1. Cβ-Cβ below 6 Å, separation at least six or inter-chain, first residue in the stretch 35-53 and closer than 18 Å to M12 by Cβ, second of a type outside the set (A, V, I, L, M) and surrounded by 10 or more Cβ atoms within 10 Å (Cβ to Cβ): which pairs?
Amino acid sequence: MLTVSDMTFDKMINQMTPAIYESLKQAVSLRKWPDGRRLTPEQTELCLEAVMRYEAENNVPEESRVGYLERRTCGAGATGAGVSPEMAGLARDATRD
């Protein structure tokens, strides 16, 4: 059942501009408002929900969405091509040193 606050939230999402979306996305990322004040946990949750809804409703490409992680394969399909020796060393078994 939709409540008045749900309808207000939906209206806000529908009226959100790209600039507001970017500002909310940055606020969630930094956990701060543009003026430096910290977001409360409730504000963070609401901003994140607004950002995710905006992305879904505006067909933001998956790789540009908040929280996107590049998919990597493991096992036989993962060759390690293009990984620097320094980065490859991060995964070695430290118990063998």
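1. Once the first residue is closer than 18 Å to M12 by Cβ and sits in the stretch 35-53, its partners that are of a type outside the set (A, V, I, L, M) and surrounded by 10 or more Cβ atoms within 10 Å (Cβ to Cβ) give L39/R31; V51/K25.
Each row is one residue, and each column tells you yes or no for (1) modelled with pLDDT of 90 or more; (2) closer than 15 Å to G67 by Cα.
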site: V4; (1), (2): no, no
site: T8; (1), (2): no, no
site: T17; (1), (2): yes, no
site: Y21; (1), (2): yes, yes
site: Q26; (1), (2): yes, yes
site: T40; (1), (2): yes, no
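The values are calculated or read from the model by the stated rules, or taken from the named source; none is laboratory data. Since the model is a prediction, treat every value here as computed from it, not as a measurement. Note that each Cβ is placed from the backbone with ideal geometry, even for glycine, and that neighbours are counted across all protein chains shown.
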